[in-house]
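K.L.:
Before I ask anything, here is the structure I am working with.
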Amino acid sequence: MGAITRRPVQNWACNAHTTGRMLGRIDRAIASGHINDTSLVILAAGMNDKRQEVPDVEVVANLVSAVEKVRAVAPGAQIAILGRLATTNAEGRFCDRNTVPDQPTGAIDRRTAAFEAATQNNQRAAAAQADVQFIDIRSMTIEANSSFGLDADRFISGVTDTTTPDYNMPAHPSLAGSRLLAQQVSAVIVAAAVTGLLP
């Protein structure tokens, strides 16, 4: 994203974090001086809450609290909630094994599909409640770019995976998936600059 926007990027994300843990990381980012009135702050969390059975109402409240924390110290900052890449496809299929070129192998995973849909709904609800933008990545990627996509189109790796290009962690974004996220966030920066919300 830094290369696309030519702006400094600070990454306070933490693997496996929940929306509750994110609140503490925001405090640390504020204390480090990385959030100010010229910042674009992207909040991306919620799926791990579902896996840990955090109630939806608490997830939404935590995301809204995160926005409020930022606004309290940087009322001029632009804030957006970033949705997640689709792991399951529109049928709810998760391909955990990708070892034969362009033949992803997997099964219907109703639990993960339900968690993804709930996370999407929670993020959308929090964005509406906090009056910030929600970038709905899942809707952009569920048809062709989930773990069930063809090798060149797949933005999420499988658990056992030798055919997804350029990825670092199982069941996480590939480089192409990360690039899409960067492009979508960069579009928010451009829009904010055009409207004068960011320099």
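K.L.:
In whole percent, what relative contact order does segment 1-143 give with Cα contacts below 8 Å and a gap of six or more residues? Please report the intermediate quantities before stating the final value.
P.N.:
Values: 197 pairs, mean separation 36.7, N = 143.
The value is 26 percent.
K.L.:
Could you work out the per residue convex hull volume over the alpha carbons of the chain, in cubic angstrom?
P.N.:
About 111 Å³ per residue, rounded to a whole number.
K.L.:
Students often check this: by mean Cβ neighbours within 10 Å, which of 72-78, 7-13 ranks highest, and how do the rest follow?
P.N.:
In descending order of packing, they fall as 72-78, 7-13.
K.L.:
Nearest 0.05, what FRET efficiency do Trp12 and Gln103 give at R0 = 45 Å with Cβ-Cβ as r?
P.N.:
Here the calculated transfer efficiency is 0.70.
K.L.:
Using the crude model of +1 on Lys and Arg Cβ and -1 on Asp and Glu Cβ, and no other charge, please compute the dipole size for the chain relative to its Cα centre, in debye to 20. Each step should come with its number before you reach the end.
P.N.:
Numbers: 18 positive and 19 negative charges, 84 e Å.
Rounded to the nearest 20 debye, it is 400 debye.
K.L.:
Here's another thing I want to ask about it. Report the charge-dipole magnitude of segment 74-157 in Debye, nearest 20, computed about the Cα centre from +1 at each Lys and Arg Cβ and -1 at each Asp and Glu Cβ. Walk me through the intermediate numbers first.
P.N.:
Working: 8 positive and 10 negative charges, 49 e Å.
Approximately 240 debye in magnitude.
K.L.:
Find which of Met47, Val67, Gly106 sits farthest along the positive direction of the dipole of the chain, computed with +1 on the beta-carbon of Lys and Arg, -1 on that of Asp and Glu, about the Cα centre.
P.N.:
Checked the options; the winner is Val67.
K.L.:
Still on this structure, please answer the following. Considering the dipole of segment 4-104 built from charges on the beta carbon (Lys and Arg +1, Asp and Glu -1) around the Cα centre, which of Cys95, Ala77, Pro8 is farthest to its positive end?
P.N.:
It is Pro8.
K.L.:
List the extent of the Cα atoms of segment 95-189 along each of their three principal axes, largest first, rounded to whole Å.
P.N.:
Taking the Cα atoms of segment 95-189, the three principal extents are 45, 30, 21 Å.
K.L.:
Using the alpha-carbon centroid of each, what span in Å lies between segment 1-74 and segment 152-172?
P.N.:
If we compute the Cα centre of each part, the gap is 25 Å.
K.L.:
OK, next. Mind pulling up the Rg/Rh value for segment 1-112? Radius of gyration and Kirkwood radius, both on Cα.
P.N.:
Taking Rh as the inverse mean 1/r over Cα pairs, Rg/Rh reads 1.07.
K.L.:
Among the complete DSSP H segments of the chain, which ones combine at least 15 Å of alpha-carbon extent along their axis with a mean Kyte-Doolittle hydropathy of 0.5 or more?
P.N.:
Taking the DSSP H segments of the chain (at least 15 Å long, mean hydropathy at least 0.5), we get 56-73, 175-194.
K.L.:
Also: Given Cβ point charges of +1 (Lys, Arg) and -1 (Asp, Glu) and nothing else, what value in debye, to the nearest 20, does the dipole of segment 1-51 about its Cα centre take?
P.N.:
With only Lys, Arg, Asp and Glu charged at Cβ, the dipole is about 180 debye.
K.L.:
Using the count of nearby Cβ atoms within 10 Å as a rough guide to exposure, how do Arg138, Arg25, Arg110 rank from fewest to most?
P.N.:
Placing the least packed residue first, the sequence is Arg110, Arg25, Arg138.
K.L.:
On to the next question. In whole percent, what relative contact order does segment 60-181 give with Cα contacts below 8 Å and a gap of six or more residues?
P.N.:
The value is 30 percent.
Since every read-out is calculated from the coordinates, none of them should be taken as a lab result. Bear in mind the structure is a predicted one, so any value in this text is a computation, not a measurement. For neighbour counting, all protein chains shown are included, and Cβ atoms are generated from backbone atoms with ideal geometry for every residue, glycine included.
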